[in-house]
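Chemist: Once you've had a glance at the structure underneath, I'll fire off some questions.
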Amino acid sequence: MLDIRELRRDGEQMVARLARRGVHFDLAAFRALDAERKQADMLSQDLQAQRKQASRDVGELVKSGVAVDEAKSRVAEVQAKIDAQMQAEVDRAAELHGQIEALLMAVPNMPLDDVPEGKDEADNVELRRWGQPRQFDFEVRDHVDVGATLASGELNFDLAAKLSGARFSVMTGSLARLHRALIDFMVDMHADQHGYQEVYVPYLVGPEALRGTGQLPKFEQDLFRIQGDRELYLIPTAEVPVTNLAANEIIDSAKLPLRYVCHTPCFRSEAGAYGRDTRGMIRQHQFEKVELVQLVRPEESASALEALTGHAEVILQALELPYRVVVLCTGDMGFSACKTYDIEVWIPSQNTYREISSCSSFGDFQARRMQARYRPDSGKPELLHTLNGSALAVGRTLVAILENYQNADGSVTVPPVLRSYLGGRETL
RNA sequence: GGAGAGGUGGCAGAGUGGUUGAAUGCGCACGAUUCGAAAUCGUGUUUACGUUCAUAGCGUAACGAGGGUUCGAAUCCCUCCCUCUCCGCCA
């Protein structure tokens, strides 16, 4: 959520920054609404103050020996006059506050100044590449074909469709084990080498948590909501429960920065993505992800984003999978982000790099929504900065391994760092 | 699922209708004392919003959430959420 004070103080500057990502913010409408709100606030608060004083007067009179009924009748006239309009004004002020809140909750974050301006993914800027795409001396098959014919396990979409329809997958045997091994490998790396605390969280969350990170109110169609009395949603990413650990908290400064690593399944309805990546397990309704989340002091968020992205890259380097890092342009960034790096892994069958991680800084945008604060060494509590990144998307990592490590005989070589997780197995 | 007890400030813990945004203790901050420190003493220390040049004053709201009763609610009533204890069930 945008800072309403900054909006009042320097609205033009914020409008200009939003315009960089193609968002038009109607400052005049906001100001008109805010002016109305201001008037309603002053009037309603003044009436409440009068009402309060009248009640106190009754108390004073009773204390000084006046009978209760007598005291009440002495102030009754004043109160009647106030009551005639107070509730209406209080309601009006609350209504206007609600309108402003709703307006601001629907506005995306402002890109940082160093984010390149652009319209869509075509305008993203490549920053670096790592590794050399392998030259194959046989016909490259995609992960669907490779996974369907492995001797030691299989990747099966028909079985999944029988159970749950399109965009789900079933894995068996060594493939299922490789999938599980990837999770352990990634979590171990971040917990043991990169200083993240492992955390386990609920996969169902309430609407407040989703508002906090920015999925609600605007993107409900991308979520799965469960049946039942309570309003609960399947998490679309561990970002939601993990970041919200700090919601409505005031974190002791000495505990910062907080770094969490969390593996969860992720559930996305992908309502707007029909027809995209329909083959294979690139885009599923359910997938596993290892997520990094950091909660940091504002001055640390820029360097934290670089470090976090590096932690995700280390996984790909260890797996010896070629990748590149791009910085998303203003028009391609997510709703809550102020800067995002995508890491894209080489997919031989598509002869291109595909997103396998997205690492973002959110500034205080999410923290303001969820009131995640810390107590500085001196002064009042301040909003934290939040960051997160996939490190990595497990299903897509599996895809990359099946494709990059495939052999002419249909087998798949196990990346050396994973072999200890597979009982020493060298090929699938 | 059944029965009972609770949810108050960073923490602990008072407070059952009237200057209580809230005693007290701990913690923390500043000051005094000291060569320095401990101990001691003093002062201060919730948050949001509004107003404002102001993180100064002043105002409004908030004691799990939302309603209600009342001139007046942390205190009384209702609903929901959560925590704890016992029983049942279960991984």
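Chemist: Could you pull out the residue among A:299, A:313 that is more than 16 Å from RNA strand B (Cβ to nearest atom), free of Cβ contacts under 8 Å to residues at least 24 places away in the same chain and within 16 Å of residue A:387 (Cβ to Cβ)?
Modeler: Working: A:313 fails: free of Cβ contacts under 8 Å to residues at least 24 places away in the same chain.
The conditions single out A:299.
Chemist: Next question, about the same structure. Restricting attention to segment A:203-214, which residues are in contact with a Ser or Thr (Cβ under 9 Å, 6 or more places away or on another chain) and over 12 Å from residue A:370 (Cβ atoms)? So that I can check it myself, show each step before the final result.
Modeler: First pass over segment A:203-214, keeping only residues in contact with a Ser or Thr (Cβ under 9 Å, 6 or more places away or on another chain): A:203, A:209, A:212-214.
Once the filter is applied, which keeps residues that are in contact with a Ser or Thr (Cβ under 9 Å, 6 or more places away or on another chain) and over 12 Å from residue A:370 (Cβ atoms), segment A:203-214 yields only A:203.
Chemist: Then there's this: With respect to residue A:210, is the statement that it is crowded, with 21+ Cβ neighbours inside 10 Å, under 20 Å from residue A:337 (Cβ atoms), touching a strand residue (DSSP E or B) at 6+ places or on another chain (Cβ under 8 Å) and at pLDDT 90 or above true?
Modeler: On the way: crowded, with 21+ Cβ neighbours inside 10 Å: yes; under 20 Å from residue A:337 (Cβ atoms): yes; touching a strand residue (DSSP E or B) at 6+ places or on another chain (Cβ under 8 Å): yes; at pLDDT 90 or above: yes.
In short, yes.
Chemist: Tell me which residues, restricted to segment A:147-192, are assigned to a loop (DSSP other than H, G, I, E, B) and either hydroxyl-bearing (Ser, Thr, Tyr) or touching a helix residue (DSSP H, G or I) at 6+ places or on another chain (Cβ under 7 Å) (or both).
Modeler: We begin by selecting, within segment A:147-192, every residue assigned to a loop (DSSP other than H, G, I, E, B); these are A:149-154, A:165-169, A:172.
Scanning segment A:147-192 gives A:149, A:150, A:152, A:153, A:154, A:168, A:169, A:172.
Chemist: Any idea which of A:109, A:124 is modelled with pLDDT of 95 or more and among the polar types (S, T, N, Q)? Steps first, please.
Modeler: Details: A:109 fails: modelled with pLDDT of 95 or more.
The match here is A:124.
Chemist: In addition: Any residue in segment A:69-92 that's free of Cβ contacts under 8 Å to residues at least 40 places away in the same chain and under 20 Å from residue A:40 (Cα atoms): show its pairings with residues that are within 11 Å of RNA strand B (Cβ to nearest atom) and part of a helix (DSSP H, G or I) at Cβ separation under 6 Å, as long as the two are six or more apart or on different chains.
Modeler: Pairs found: A:79/A:54; A:82/A:47; A:82/A:50; A:82/A:51.
Chemist: If you don't mind, another one. Go through (1) in contact (Cβ under 8 Å) with a residue 24 or more places away in the chain; (2) assigned to a helix (DSSP H, G or I) for residue A:21 and report which single condition fails.
Modeler: Checking residue A:21 against (1) in contact (Cβ under 8 Å) with a residue 24 or more places away in the chain; (2) assigned to a helix (DSSP H, G or I), the one that fails is (2).
Chemist: Would you please name the residue that is farthest from the chain's Cα centre (by Cα), looking only at residues in segment A:164-219 that are within 25 Å of residue A:295 (Cα to Cα) and basic (Lys, Arg)? Working first, answer last.
Modeler: First, the residues of segment A:164-219 that are within 25 Å of residue A:295 (Cα to Cα): A:183-219.
Restricting the remaining residues to those that are basic (Lys, Arg) gives A:211, A:218.
Numbers: A:211: 10, A:218: 13 Å.
Selected residue: A:218.
Chemist: Would you please name the residue that is nearest to RNA strand B (Cβ to nearest atom), looking only at residues in segment A:30-76 that are in contact with an Asp or Glu (Cβ under 7 Å, 6 or more places away or on another chain) and among the small types (Gly, Ala, Ser)?
Modeler: Step one: list which residues in segment A:30-76 are in contact with an Asp or Glu (Cβ under 7 Å, 6 or more places away or on another chain), which gives A:40, A:43-44, A:47, A:75.
Still in the list and also among the small types (Gly, Ala, Ser): A:40, A:44.
On the way: A:40: 10, A:44: 7 Å.
By that ranking, first place goes to A:44.
Chemist: So which residues in segment A:87-112 are within 30 Å of residue A:328 (Cα to Cα) and of a type in the set (Gly, Ala, Ser)?
Modeler: Our first condition is that a residue be within 30 Å of residue A:328 (Cα to Cα); within segment A:87-112, this holds for A:100-112.
Across segment A:87-112, the qualifying residues are A:102, A:106.
Chemist: Moving to a separate point now. Confirm whether residue A:357 is closer than 20 Å to residue A:131 by Cα and either surrounded by fewer than 24 Cβ atoms within 10 Å (Cβ to Cβ) or within 15 Å of RNA strand B (Cβ to nearest atom) (or both). Full working, then the answer.
Modeler: Values: closer than 20 Å to residue A:131 by Cα: yes; either surrounded by fewer than 24 Cβ atoms within 10 Å (Cβ to Cβ) or within 15 Å of RNA strand B (Cβ to nearest atom) (or both): no.
Answer is no for this residue.
Chemist: I need the full set of residues from segment A:10-53 which are over 26 Å from the mean Cα position of the chain (by Cα) and under 30 Å from residue A:118 (Cβ atoms), in order please. Before you say what the answer is, go through the steps one by one.
Modeler: At the first step, the residues of segment A:10-53 found to be over 26 Å from the mean Cα position of the chain (by Cα) are A:10, A:12, A:27-53.
Answer for segment A:10-53, where residues must be over 26 Å from the mean Cα position of the chain (by Cα) and under 30 Å from residue A:118 (Cβ atoms): A:10, A:12, A:27, A:28, A:29, A:30, A:31.
Chemist: Then there is this: All but one of (1) among the small types (Gly, Ala, Ser); (2) part of a helix (DSSP H, G or I); (3) loosely packed, with under 14 Cβ neighbours inside 10 Å hold for residue A:65, so report the exception by its number.
Modeler: (2)
Chemist: How about segment A:285-366: which strands (runs of 3 or more DSSP E) wholly inside it have at least 3 residues that are of a type in the set (A, V, I, L, M)?
Modeler: A:286-296, A:323-327, A:339-347
Chemist: Can you go through A:314, A:325 and tell me which one is surrounded by fewer than 24 Cβ atoms within 10 Å (Cβ to Cβ), farther than 21 Å from residue A:181 by Cα and among the β-branched types (Val, Ile, Thr)? Lay out the reasoning, then the answer.
Modeler: Working: A:314 fails: farther than 21 Å from residue A:181 by Cα.
Testing whether each residue is surrounded by fewer than 24 Cβ atoms within 10 Å (Cβ to Cβ), farther than 21 Å from residue A:181 by Cα and among the β-branched types (Val, Ile, Thr) leaves just A:325.
Chemist: What about residue A:2, is it closer than 30 Å to residue A:361 by Cα and either hydrophobic (A, V, I, L, M, F, W, C) or not in a helix (DSSP H, G or I) (or both)? If you could, list the steps in order and put the result at the bottom.
Modeler: Working: closer than 30 Å to residue A:361 by Cα: yes; either hydrophobic (A, V, I, L, M, F, W, C) or not in a helix (DSSP H, G or I) (or both): yes.
Here the answer is yes, as residue A:2 does meet what is asked.
Chemist: Of the numbered conditions (1) within 30 Å of residue A:278 (Cα to Cα); (2) loosely packed, with under 15 Cβ neighbours inside 10 Å, residue A:88 fails exactly one; give the number of that condition.
Modeler: (1)
Chemist: Which ones in segment A:393-421 are free of Cβ contacts under 8 Å to residues at least 24 places away in the same chain and surrounded by 18 or more Cβ atoms within 10 Å (Cβ to Cβ)?
Modeler: Within segment A:393-421, A:405 is the sole residue that qualifies.
The values are calculated or read from the model by the stated rules, or taken from the named source; none is laboratory data. Please read all numbers here as calculations on a predicted model, not as lab measurements. So basically every Cβ, Gly included, is an ideal-geometry build from the backbone, and we count neighbours across all protein chains shown.
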